[in-house]
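Undergrad: Okay, here's the structure, questions in a sec.
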Amino acid sequence: WERALIYFWKKYGHGNLIAVQHATVRYWDLRYFDDPRGSISKNILAQPLPDKIAINGAAAWKMYENGNQLMNKMIKVEALRYLHLDKFDPSVNHSDKKDIYGMKKLLILGDIMKNTTNSMLELLNSMSLFLSDGWDLIMKPHPANQIKVENYPNINITITDKPLEQLLPNFEISIASSYTSASLEAFLAGLNVISILD
């Protein structure tokens, strides 16, 4: 849909268009990288590209450089999404984070991809004997991928929509897919992060 938006935005002359790289850049995710020849092509069949791309950090900038992208199309910006992380001290011991009943708390971070989130929850569902013994499971689904907890009858999951900055200080452990940037936030907040490879 982004390419279609770019095409029609330009077709109808709405002006300059700046794309925003809003999360972490994975070097293997080819959606972030275009053949530089397409950026300068005037062919009608050339890939629709934004006028500029806003890059939110030194690591992402380096990744685009290493990916042979046209850096004159890039703009350095601040990653507002991560500003709340300066409130956390990653050296704080989270091992005492339990709920009011003394149960260990596990924060489940949902993914935008339904299959990925389903695989993660199926894994937890298959571990029900282990998780039934003293674990409180709290899930923050991705906003674009709401979860039906009744599909996982062996585990008791509580759904929350609280912002991560409110959730993270209350947990010792989180589990997430290898794709979501929320796992990076949990790690930087000092949590032990279990990354599920789908």
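Undergrad: Is there a quick way to get the dipole size of the chain? I mean about its Cα centre, with the Cβ of Lys and Arg at +1 and of Asp and Glu at -1; what is the value in debye to the nearest 20? Please list the in-between numbers first.
TA: Working: 21 positive and 21 negative charges, 173 e Å.
Dipole size: approximately 840 debye.
Undergrad: Just to check, using Stokes-Einstein with a Kirkwood Rh over alpha carbon pairs, what's the diffusion coefficient of segment 1-77 at 20 °C and 1.002 mPa s in µm²/s? Could you put the intermediate results ahead of the total?
TA: Values: Rh = 13.1 Å.
Translational diffusion coefficient: 164 µm²/s.
Undergrad: Looking only at Thr160, Thr116, Thr24, which one moves most when the chain is put into a Gaussian network model with springs between Cα atoms under 10 Å?
TA: Fluctuation is largest for Thr160.
Undergrad: Right, another one. Considering only protein heavy atoms and a probe of 1.4 Å, how much of the accessible area of segment 53-198 is carbon and sulfur, as a whole percent?
TA: Values: 4510 of 8260 Å².
Exposed carbon and sulfur together represent 55 percent of the surface.
Undergrad: Report the full-extension gain for the segment Phe130 to Gln146: residue separation times 0.36 nm, less the Cα-Cα distance, to one decimal in nm.
TA: 3.2 nm
Undergrad: Top to bottom by accessible area (1.4 Å), largest first, where do Ile159, Ile40, Ile112 land?
TA: Values: Ile159 75, Ile40 120, Ile112 95 Å².
Accessible-area ranking of Ile159, Ile40, Ile112, largest first: Ile40, Ile112, Ile159.
Undergrad: From the gyration tensor of the Cα coordinates in segment 38-77, what semi-axes in whole Å does the equivalent ellipsoid have, largest first, with each one equal to sqrt(5λ)? Can you show the working numbers first?
TA: Numbers: eigenvalues 96, 23, 9 Å².
So the three semi-axes of segment 38-77 are 22, 11, 7 Å.
Undergrad: Related question: Ordering Arg26, Arg3 by accessible area with a probe of 1.4 Å, largest first, what comes out? List each step's numbers first, then the result.
TA: Values: Arg26 35, Arg3 80 Å².
Correct descending sequence by accessible area is Arg3, Arg26.
Undergrad: Where a Cα-Cα gap under 16 Å defines reach, which aspartates and glutamates qualify for Lys114, not counting those fewer than 8 residues away within the same chain?
TA: Reachable aspartates and glutamates: Glu122, Glu150, Asp198.
Undergrad: What order do Asp35, Asp136 take when sorted by accessible area (1.4 Å probe), most exposed first? Write down the numbers at each step before the final one.
TA: Values: Asp35 75, Asp136 35 Å².
Highest to lowest solvent-accessible surface, that is Asp35, Asp136.
Undergrad: Strictly over 32 Å apart at the Cα level, which of Lys76/Lys162; Lys73/Lys140; Lys10/Lys62 would you flag in this model?
TA: Numbers: Lys76/Lys162 30 Å; Lys73/Lys140 35 Å; Lys10/Lys62 28 Å.
Violating the 32 Å limit, Cα to Cα: Lys73/Lys140.
Undergrad: Keeping every protein chain present and rolling a 1.4 Å probe, give me the accessible area per residue for the chain in Å². Could you put the intermediate results ahead of the total?
TA: On the way: 12390 Å² over 198 residues.
Heavy-atom SASA per residue in the chain reads 63 Å².
Undergrad: Name the residues whose placed amide hydrogens come within less than 5 Å of the amide hydrogen of Ala46, ignoring near sequence neighbours (fewer than 5 apart) on the same chain.
TA: When sequence neighbours closer than 5 places are left aside, there are no close amide H contacts.
Undergrad: Using a 7 Å offset from the Cα along the Cα-to-Cβ direction at both Ala59 and Ala4, what is the distance between the two label points in nm, to one decimal?
TA: Distance between the two pseudo-spin positions: 3.3 nm.
Undergrad: Moving on. Helix-only mean residue ellipticity at 222 nm, the chain, DSSP H runs n ≥ 4 weighted -39,500 (n - 2.57), per residue, nearest 500. What is it? Before the final figure, lay out the partial values.
TA: On the way: 7 runs with 52 residues, N = 198.
Using -39500 (n - 2.57) per qualifying helix, the result is -7000 deg cm²/dmol.
Undergrad: I need the per residue convex hull volume for segment 1-137, using only the alpha carbons, in cubic angstrom as a whole number. Display every interim value, and only then the final one.
TA: Working: hull volume 24.2 nm³, N = 137.
Dividing the Cα hull volume of segment 1-137 by its residue count gives 177 Å³.
Undergrad: Here's a follow-up. Long-range amide H contacts for Ser177: which residues qualify at under 5 Å (H placed 1.01 Å from N, peptide plane, sequence gap of 5 or more or a different chain)?
TA: Here the answer is Ile196, since their amide H atoms fall under 5 Å of that of Ser177.
The values are calculated or read from the model by the stated rules, or taken from the named source; none is laboratory data. A quick note: this is a predicted structure, and the numbers were derived from the prediction, not measured. Here Cβ is always computed from backbone atoms with ideal geometry, including for glycine, and neighbour counts include all displayed protein chains. Ligands, DNA and RNA are stripped out before the accessible areas are found, and what is left, the full protein with its side chains, is counted by its heavy atoms. Shrake-Rupley method; radii C 1.70, N 1.55, O 1.52, S 1.80 Å.
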